1. Can you tell me which of 113, 44, 62 is more than 21 Å from residue 174 (Cα to Cα), crowded, with 19+ Cβ neighbours inside 10 Å and in contact (Cβ under 8 Å) with a residue 12 or more places away in the chain?
2. Restricting to region 52-91, name every residue that is assigned to a helix (DSSP H, G or I) and out of contact with any helix residue (DSSP H, G or I) (no Cβ under 7 Å at 6 or more places or on another chain).
3. Residues that are closer than 21 Å to residue 22 by Cβ: list the helices (runs of 4 or more DSSP H) wholly contained in region 107-216 that include at least 2 such residues.
4. Scan region 3-14 and report the pairs whose first residue is within 14 Å of residue 156 (Cα to Cα) and whose second residue is surrounded by 21 or more Cβ atoms within 10 Å (Cβ to Cβ) and at pLDDT below 95, with Cβ atoms within less than 6 Å and a gap of 6+ or a chain change.
5. Any residue at all in region 177-187 that is at pLDDT 95 or above, farther than 30 Å from residue 32 by Cα and out of contact with any helix residue (DSSP H, G or I) (no Cβ under 7 Å at 6 or more places or on another chain)?
6. Is it the case, given these coordinates, that residue 108 is farther than 26 Å from residue 9 by Cα, under 15 Å from the mean Cα position of the chain (by Cα) and at pLDDT 95 or above?
7. For residue 17, all conditions in the list (1) under 15 Å from the mean Cα position of the chain (by Cα); (2) closer than 22 Å to residue 146 by Cα; (3) assigned to a loop (DSSP other than H, G, I, E, B) hold save one; what is the number of the exception?
8. How many residues does region 20-51 contain that are assigned to a helix (DSSP H, G or I) and touching a helix residue (DSSP H, G or I) at 6+ places or on another chain (Cβ under 6 Å)?
């Protein structure tokens with residue numbers, strides 16, 4: 001999605017702006033953590049100022065890619081009223097399988113589903129409306145349709161530029177891209193989803209999966225399709 005929005009001429013993208021604060025505050029061992037902390041902004045207040053201020057580089061749209069577990073409780077939620085919130089959901093089995101490539105023992109907090117539902121409910125309560133939700137599989141199966149629905153929902157004109165982009169890393173990618181964005185860097189469009197069944201969840205993570213699945217399903221009912 002960040003590649004898709006970043007390919008619009010009217011849009012500037014921001015990659016996981018709270019990541020340095022998250023790593024600094026939690027001490028979690030992620031690939032390149034020390035480098036992320038050293039190069040990023042660990043003061044969440046300054047991050048919020050950036051995210052809620054003027055759109056950088058004279059652009060009209062500021063696409064901010066967030067990870068729900070990065071939004072630690074100490075950050076608060078009030079600033080979310082100043083931005084347009086959209087929620088991307090994904091089958092928990094796929095999320096856990098992805099995490100296992102870098103982290104052999106992800107926690108419930110790591111995968112972020114509980115935080116995602118909490119933030120969704122907070123935004124819905126404050127705005128009195130359901131914020132847009134899109135499912136990753138729906139995007140991969142029919143990107144044009146889902147992106148048009150999303151753009152219409154947030155009041156942005158759809159652009160065909162969102163469907164194709166050049167390969168490679170970007171200046172707007174976080175410094176962690178070399179650890180996490182291997183497949184993304186080779187992509188030029190949305191790839192069709194795999195027809196294989198998702199990997200089985202290891203028994204030790206069964207509890208994480210079951211709680212995450214409940215949270216995923218609670219948001220799935222609101223998805224644009």
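The values are calculated or read from the model by the stated rules, or taken from the named source; none is laboratory data. Please read all numbers here as calculations on a predicted model, not as lab measurements. Cβ coordinates were reconstructed from backbone atoms using ideal geometry, including for glycine residues, and neighbour counts include every protein chain displayed.
1. Criteria check complete, one pass: 113.
2. 56, 57, 58, 73, 74, 78
3. Fully inside region 107-216 and qualifying: 108-111, 113-127, 177-180.
4. As it stands, the answer is none, since no pair meets every condition given.
5. Scanning region 177-187, I find no residue that is at pLDDT 95 or above, farther than 30 Å from residue 32 by Cα and out of contact with any helix residue (DSSP H, G or I) (no Cβ under 7 Å at 6 or more places or on another chain), so the answer is no.
6. Taking the combined requirement at face value, the residue does not satisfy it.
7. (2)
8. 10
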